[in-house]
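Below: one structure, written as structure tokens.
The values are calculated or read from the model by the stated rules, or taken from the named source; none is laboratory data. Predicted model only: the values in this text are computed from it and were never measured. Cβ sites come from the backbone with ideal geometry, for glycine too, and all protein chains shown count toward neighbours. The area values use the complete protein model at the heavy-atom level, side chains included, leaving out ligands, DNA and RNA. Shrake-Rupley method; radii C 1.70, N 1.55, O 1.52, S 1.80 Å.
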Amino acid sequence: MRVLGIETSCDETGIAVYDHEQGLLAHALYSQVAVHAEYGGVVPELASRDHVRKILPLIDQVMAQAQTSPAQLDGIAYTAGPGLIGALMVGASVGRALAYGWQIPALGVHHMEGHLLAPMLEAHPPEFPFVALLVSGGHTQLVAVQSLGDYTLLGESLDDAAGEAFDKAAKMLDLDYPGGPHIAKLAERGQPGRFTFPRPMVDRPGLDFSFSGLKTHTLNTVAEHAGADGLPDEQTCADIALAFQTAVVSTLVIKCRRALEQTGMRTLVIAGGVSANTQLRAELRSALEKIGAEVFYARHEFCTDNGAMIAYAGCQRLLAGQREPLGVTVRARWPLDSLERINRS
Ligand code: KG4
Ligand code: ZN
């Protein structure tokens, strides 16, 4: 089965062709970062308009790269939520219209299921069951994954998502959006131990997260050391970036360990934009080694939003026989644990 994947839930247009026998045939991403840069965050209306401009040329390009004609496609998968409603509508209506024209099925995919399954595209994929840590700009969730579509929420952020916290901390340090990669880069020059930031909620039982206290602590530290231009000196900014990143990473590591112990599982999958973070990957690897567990993640470009993960997830569901009515339905909010469990023999 060969599936065209379309991702338009936020500020990147991602397109891919995945074949369940041959693997990923082609993929491309157009990032709108430059469009939103001057606003310090994603402007939903601008995002929708840019998806409209880029989606069809990108589909043409990827189909050509994959040497795939419409007649060779068996289905189209598009992100149906959660995300920005206007942006989602672009991918959903194009996906549905093309599928109708080409007389193949189309399926709406859950964006976080896409992230969660992205490590399956790697040469050494994880095996079920596993615990997934989903850390993106909009979500921080720990999920017990028994099989495809069988997801139980173990814990989540009570306020900001981990990626959102990175973005806000970056803004305080006058770094560009999205802030995660910029904080990570600045943190490389940070002096370990100069600041120690609080690890929110680690001394309380349970698997929920909270990042708002850490955000306030970061803001206060920036203000305390600010010079005439409102910012601390360069080295202090790097030290703050490192202290902030270390606090987020340790919190995530502690909760992941706890989730593995609680479920008795030995495999952890990390997915979503923040899973690209090098310090997070390294600290998880060494913490998990100690308890005989292993961590899996996608290659860098498939940690953040992309079409490949949507093509893959849609392909699995189409292979299992899942079909949907013709209507274009998208959802800004969509609980991951409400998905249909799929049985593939
Ligand atoms: O999954 P994603 O591309 O989009 C959403 O579904 O939200 O995640 C984007 C988030 C942003 O908040 C970004 O700052 C963060 O992932 N991010 C990172 C890194 N790369 C991206 N955070 C920390 N370290 C990184 N290297
Ligand atoms: Zn995402």
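Among the residues of the range 73-116, count how many are within 14 Å of ligand 2 (Cβ to nearest atom), assigned to a helix (DSSP H, G or I) and closer than 17 Å to residue 49 by Cα.
Residues flagged as within 14 Å of ligand 2 (Cβ to nearest atom), assigned to a helix (DSSP H, G or I) and closer than 17 Å to residue 49 by Cα within the range 73-116 amount to 3.
All but one of (1) within 16 Å of ligand 2 (Cβ to nearest atom); (2) open to solvent by less than 50 Å² (accessible area, probe 1.4 Å); (3) under 22 Å from residue 88 (Cβ atoms) hold for residue 316, so report the exception by its number.
With (1) within 16 Å of ligand 2 (Cβ to nearest atom); (2) open to solvent by less than 50 Å² (accessible area, probe 1.4 Å); (3) under 22 Å from residue 88 (Cβ atoms) applied to residue 316, the lone miss is (1).
Scan the range 31-49 residue by residue and report those that are in contact (Cβ under 8 Å) with a residue 12 or more places away in the chain and touching a His at 6+ places or on another chain (Cβ under 9 Å).
Within the range 31-49, 32, 42, 46, 47 qualify.
Tell me which residues, restricted to the range 295-313, are outside any loop (DSSP other than H, G, I, E, B), touching a Ser or Thr at 6+ places or on another chain (Cβ under 7 Å) and open to solvent by less than 10 Å² (accessible area, probe 1.4 Å).
Answer for the range 295-313, where residues must be outside any loop (DSSP other than H, G, I, E, B), touching a Ser or Thr at 6+ places or on another chain (Cβ under 7 Å) and open to solvent by less than 10 Å² (accessible area, probe 1.4 Å): just 310.
On the given criteria, is residue 5 under 19 Å from residue 108 (Cα atoms) and out of contact with any Asp or Glu (no Cβ under 6 Å at 6 or more places or on another chain)?
Yes; evaluated as a whole, the condition is true for this residue.
Starting from residues that are among the charged types (D, E, K, R) and not in a loop (DSSP other than H, G, I, E, B), keep the ones in the range 175-224 and report whichever is farthest from ligand 1 (Cβ to nearest atom).
Just the residues of the range 175-224 that are among the charged types (D, E, K, R), to begin with: 176, 185, 188-189, 194, 199, 203-204, 208, 215, 224.
Add one more test, that the residue is not in a loop (DSSP other than H, G, I, E, B), and what stays is 185, 215, 224.
Values: 185: 8, 215: 13, 224: 24 Å.
The extreme case among them is 224.
Listed residues 66, 123; which is modelled with pLDDT of 95 or more and open to solvent by less than 60 Å² (accessible area, probe 1.4 Å)? Walk me through how you get there before you give the answer.
Numbers: 123 fails: open to solvent by less than 60 Å² (accessible area, probe 1.4 Å).
Unique residue meeting the criteria: 66.
Kindly list the number of the only condition in (1) out of contact with any His (no Cβ under 8 Å at 6 or more places or on another chain); (2) more than 15 Å from ligand 2 (Cβ to nearest atom) that fails for residue 133.
(2)
Every residue, every condition in (1) at pLDDT below 95; (2) open to solvent by less than 10 Å² (accessible area, probe 1.4 Å); (3) closer than 20 Å to residue 9 by Cβ; (4) away from ligand 2 (no atom under 16 Å from the Cβ), yes or no:
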site	(1), (2), (3), (4)
141	no, no, yes, no
149	no, yes, yes, yes
162	no, yes, yes, no
166	no, yes, yes, no
175	no, no, no, yes
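Exactly one condition in (1) within 16 Å of ligand 2 (Cβ to nearest atom); (2) under 21 Å from residue 282 (Cβ atoms); (3) open to solvent by 20 Å² or more (accessible area, probe 1.4 Å) is false for residue 192; which is it?
(1)
Inspect the range 254-273 for any residue being near ligand 1 (Cβ under 10 Å from one of its atoms), not in a loop (DSSP other than H, G, I, E, B) and not aromatic (Phe, Trp, Tyr) and give the result as yes or no.
Looking for residues that are near ligand 1 (Cβ under 10 Å from one of its atoms), not in a loop (DSSP other than H, G, I, E, B) and not aromatic (Phe, Trp, Tyr), one finds at least one in the range 254-273, hence yes.
Keeping to the range 277-294, report how many residues are within 16 Å of ligand 1 (Cβ to nearest atom) and open to solvent by less than 20 Å² (accessible area, probe 1.4 Å). Step through it out loud before you land on a result.
Start the filter on the range 277-294 by keeping residues that are within 16 Å of ligand 1 (Cβ to nearest atom), which leaves 277-285.
Still in the list and also open to solvent by less than 20 Å² (accessible area, probe 1.4 Å): 277, 280, 284.
Of the residues in the range 277-294, 3 are within 16 Å of ligand 1 (Cβ to nearest atom) and open to solvent by less than 20 Å² (accessible area, probe 1.4 Å).
Examine the range 317-329 for a residue that is at pLDDT 95 or above, within 23 Å of the chain's Cα centre (by Cα) and not in a loop (DSSP other than H, G, I, E, B), and state whether such a residue exists.
Within the range 317-329, one or more residues are at pLDDT 95 or above, within 23 Å of the chain's Cα centre (by Cα) and not in a loop (DSSP other than H, G, I, E, B).
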